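This report refers to the structure that appears directly beneath it.
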Amino acid sequence: MSQNRKPSFLRSPMGLASATVVGLLVVLAIIAPPLWGAQASTPNPANLLRGPSSEHPLGTDGLGRDLLLRTLVATRTTVGMALIATACGAAAGLLLGALPSVLGARAQRWFSAVINTWLAFPVLLLAMLMVILMGTGTVTAVVALALTMTPSFARLAQTLSSKVGGSEYLAAARLLGVPKGRQFTHYVLPNIAEPIIVNVTMSIGGGLLALSSLSFLGVGVQPPSYDWGRMLSEGFEQVYTTPTAVVGPAVMVILAGVSFGMLGESLASFLRERTRGRALSPAKLGPAPVTDPLELDPLQEDVLLDVKGLSVSFPGADGWVRPVQDVSFTLHRGEIVGVVGESGSGKSVTMMSVAQLAPAGAAVTAQRLNFDGTELAGMREQVAAKAIGTDIGIVFQDSLTALNPALRVGTQLAEVPRVHQGATKQEAHERAVEALDSVRIPNAAHRATLFPHEYSGGMRQRALIAMSQIGKPKLIIADEPTTALDVTVQQRVLALLRRECEDSGAAALVVSHDIAVLAELCQRILVMYAGRIVEDVDVRMLAHPEQLAHPYTRALAASLPDLDTDRTKPLATIPGEPPDLSKPVTGCGFADRCALASDRCRTEVPVLVQHRHGGQVACFHPQDGSSPEDSGAAGSETTLHEAHEEGAVA
Amino acid sequence: MAELVVSDLRVVFGARKAPIVAVDGVHLVVPDGGVVGLVGESGSGKSTVARTIVGIGAPTSGTITLGGEDLLARRRGVSAVQRAKDVQMIFQDPYSSLNPRMTVGEALDEVLSIHTETPKDQRPASIRRLLDLVRLKAAAQEQYPSEMSGGMRQRVAIARALAVRPRLIVADEITSALDASVQGAVLNLIKDLREELGLSMLFITHNLAAVRYIADSVAVMHRGRIVEQGPATDVVAHPQEAYTRELVGAIPRIDNAGTDYLLRTLEQR
């Protein structure tokens, strides 16, 4: 990333153009005064107020001096003043706004009051006050401008640094005894620098305009010194005789003002891109990768959801990133199936793609995506979403963001019956209260009139379950429904989810990283690793780890301590890291971390096949304690292997 | 390392008219070289106890001593560097407890420069030793936190706390933000470090299974009070208090796979 930082900024046309102009201005500011300074300020009585000629392309002024040269020489004064004023304003603002974040709450209140008062002063008033106090002149103009810029920089710095001030890394630095000065220079400043730099760059353009206006009004630069603003005001006196006199400074003011502004803008968009990672456009990437065609079995009678060859790809910096590859599974009516995997395993993306809620920019392809008899594969997302209607209900992880904070909970719940099922307002409200009551929210009629923030976390999550239920869905998709909850609340929410499914006959797909949560809730478990399903197994097998077939599933089941874990032995762990899915993975994604991996595992992708335990597994060396050919296949003295045995013994 | 004794700790927040008692008379002892688990759900006051011990918050009343010395009085008298040597905290979320603009090497170097007499040219060796201690490769010192996985970051945070050589470490939910397969590795590491360095540690968590594995004794907090205290295995195996029983019963267990256990819990209420 770091090596192509510069080129990628200069590659954007706006960035290149503005950087070039600003670069030229700086060069001019340096070389123009020594080259032409004397010539531009020496009066020439023989040549007063001439129009453009080959000798003087922009004509001459009232003392016979060449206007083009004067315009060029004035670059140093004008740009220099703008730079100094902005730098002073930025420095003062930064100190005022960011320093309090390391000084404590009381200092923050004081500084904040100062900034607020300062911001309330009108700019012009401040400038006039300075003129009265200091008299007209260059210094006055610069100081006045710096003073007007200070509070807005301070406010920006304050907003940015309050985030840093509340961060745990700054709290950690305090606990570590890092001195306050170092906290400021090494913790606060680097973390707020980027937006400040962007803002400063843009402000230079605005500052240049403001300074030129002050000089134009006669309170800025005084003769014999001159800047573009001064030249404009002098040129204005002869605008009827030599109109070209204003052209030079006017063009320069506009050019400089706009190019500093543009430079800031392109810097900002460059930084945005860099933090988000610049993704290639789909046109450059070519079509999204698809999986080899599969043989599709005829649909079965009691299957609610049949997914075959589902892949999800995102445009990335070096090509398609493939968080989900060739996923196939079926879900029967009324069945509760868990999907387990680590972060980045693709479990949530898979489920959201099924619900037609894939993140923006994702390319979802499937050879079959049959939900309740309707084939959704190949449909546009909106059409498919309409076809699903209220037949899929979703329970999101974060109940606070999944509910609209501005609407009463009852109103939000009533929306589904009103919009999708044509219920009257009264009916819909009754349905909402009923739904809240069914997830055992006490005093549901009253609670329906409250706002989400008036609910506790567990109650909000139950309200979300009620909401997912109210459209009488045939399938509920729950994405980490209890991750943020306490264990006692979690148990209640899970129990209610199970009860709702049993009462309504709805099927459920429940995503979690906690295999024990799924064990209690589900009938079957899909284990995902690196974008693929590696095992599909009856949940009862989890209680007998020796029956599990995939080394990853075994390791996952053995890696968490439970209430019977042997305290004297180390916990089983999975060495290494999951593969980087932005690069093509050859072979089995788990091969690098697997003690049993053979050469075949590194070159060939194992597909899901029927296994003795009644489920399916995608592994060339499936384990089940009774497999004769694989039990000693590779390095049985390894951590992983020991882990299984430990798990089996415990 | 030194013994921590917390006696009759009270922390009250909010206005005098409507006070919120976050911590209500807590007694707690972490013996020299011992690991004590403090367990409770959100709002139980366990994090407030932790913050008071490390000095982020101040108690309303009560005393805290470390190695027999009054920690609260001492804090007022000594420099930030001295205070840092008493207690260090490892935070819950390694994604936010490390400065994103400092490499791992810079972060550790900073701590070493503040807290040890190690000359600049010998610090790289000390950094390598620290990384080795938390089972990270030496190459990790060139990396920024954003380039590491959650488990690796948490190891860096642990190394940073160890670099101070504090007398007590407070670990606040250090595994809850990590993936299941990584949690075990961090718990193993804490256990190993404890044996190698004889750490005194207050291990705060909502995960009873983790506490049972890592701690000698455990204190269960509920609504600002400690409701049960005892050897970790006993408390988990034979909880005496109703609240502890509820907590233990709510832990999802693989043994319940395929049963109607969940539905039965609904009927019990």
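Kindly indicate which of A:Leu119, A:Leu94 is surrounded by 17 or more Cβ atoms within 10 Å (Cβ to Cβ) and either outside the structural domain of A:Leu170 (by TED's automatic domain parsing) or part of a helix (DSSP H, G or I) (or both). On inspection, the qualifying residue turns out to be A:Leu94. I'm trying to understand the selection: among the residues of the range A:24-81, which are open to solvent by 40 Å² or more (accessible area, probe 1.4 Å), in contact with a Pro (Cβ under 9 Å, 6 or more places away or on another chain) and of a type in the set (Ser, Thr, Tyr)? Passing the criteria: A:Ser41, A:Thr77. Remark: pairs (first residue in the range B:133-152, modelled with pLDDT of 90 or more; second residue outside any helix (DSSP H, G or I) and buried (at least 20 other Cβ atoms within 10 Å of the Cβ); Cβ separation under 7 Å; 6+ apart in sequence or on different chains) = B:Pro145/B:Leu98; B:Met152/B:Leu136. For A:Ala171, the conditions (1) crowded, with 17+ Cβ neighbours inside 10 Å; (2) within 14 Å of chain B (Cβ to nearest Cβ); (3) touching a residue at least 12 places away in the same chain (Cβ under 8 Å) are fulfilled apart from (3). A count restricted to the range A:490-514 and to residues that are facing chain B (nearest Cβ under 8 Å) and open to solvent by 10 Å² or more (accessible area, probe 1.4 Å) stands at 8. Restricting the range A:126-168 to residues that are outside any helix (DSSP H, G or I) and within 14 Å of chain B (Cβ to nearest Cβ), the residue that is least open to solvent (accessible area, probe 1.4 Å) is A:Ser167. Taking the criterion of being under 16 Å from the mean Cα position of the chain (by Cα) and among the charged types (D, E, K, R), the residues of the range B:142-191 that qualify are B:Arg153, B:Arg155, B:Arg160, B:Arg165, B:Arg167, B:Asp172, B:Glu173, B:Lys191.
Within the range A:290-306, the set of residues being in contact (Cβ under 8 Å) with a residue 40 or more places away in the chain and more than 13 Å from A:Asp372 (Cβ to Cβ) comprises A:Val290, A:Thr291, A:Pro293, A:Leu294, A:Leu296. Meeting the requirement of 3 or more residues that are open to solvent by 20 Å² or more (accessible area, probe 1.4 Å), the helices (runs of 4 or more DSSP H) wholly within the range B:161-264 are B:180-197, B:232-237, B:242-250.
For A:Gly177, the conditions (1) open to solvent by less than 70 Å² (accessible area, probe 1.4 Å); (2) within 13 Å of chain B (Cβ to nearest Cβ); (3) assigned to a helix (DSSP H, G or I); (4) farther than 18 Å from A:Cys88 by Cα are fulfilled apart from (3).
When A:Val221, A:Val253 are screened for being open to solvent by less than 60 Å² (accessible area, probe 1.4 Å) and not in a helix (DSSP H, G or I), only A:Val221 passes. Picking from residues in the range A:233-250 that are without any contact (Cβ under 8 Å) to a residue 40 or more places away in the chain and of a type in the set (Val, Ile, Thr), the one that is nearest to A:Leu25 (Cα to Cα) is A:Val246.
A:Val527 meets all of the listed conditions (1) within 24 Å of A:Ala508 (Cβ to Cβ); (2) away from every other protein chain (no Cβ under 13 Å) but one, namely (2). In the condition set (1) more than 14 Å from every other protein chain (Cβ to nearest Cβ); (2) in a helix (DSSP H, G or I), A:Gly378 is compliant with all but (2). Among residues of the range B:190-216 that are more than 13 Å from chain A (Cβ to nearest Cβ) and under 16 Å from B:Ser176 (Cβ atoms), those with a beta-carbon under 7 Å from a residue that is open to solvent by 10 Å² or more (accessible area, probe 1.4 Å) and not polar (S, T, N, Q) at least six positions away or on a different chain give the pairs B:Ile204/B:Lys46; B:Ile204/B:Asp172; B:Ile204/B:Glu173.
The values are calculated or read from the model by the stated rules, or taken from the named source; none is laboratory data. Keep in mind the model is a prediction, meaning the values are calculated, not measured. Here Cβ is always computed from backbone atoms with ideal geometry, including for glycine, and neighbour counts include all displayed protein chains. For accessibility, only protein heavy atoms count, side chains too; no ligands or nucleic acids. Shrake-Rupley method; radii C 1.70, N 1.55, O 1.52, S 1.80 Å.
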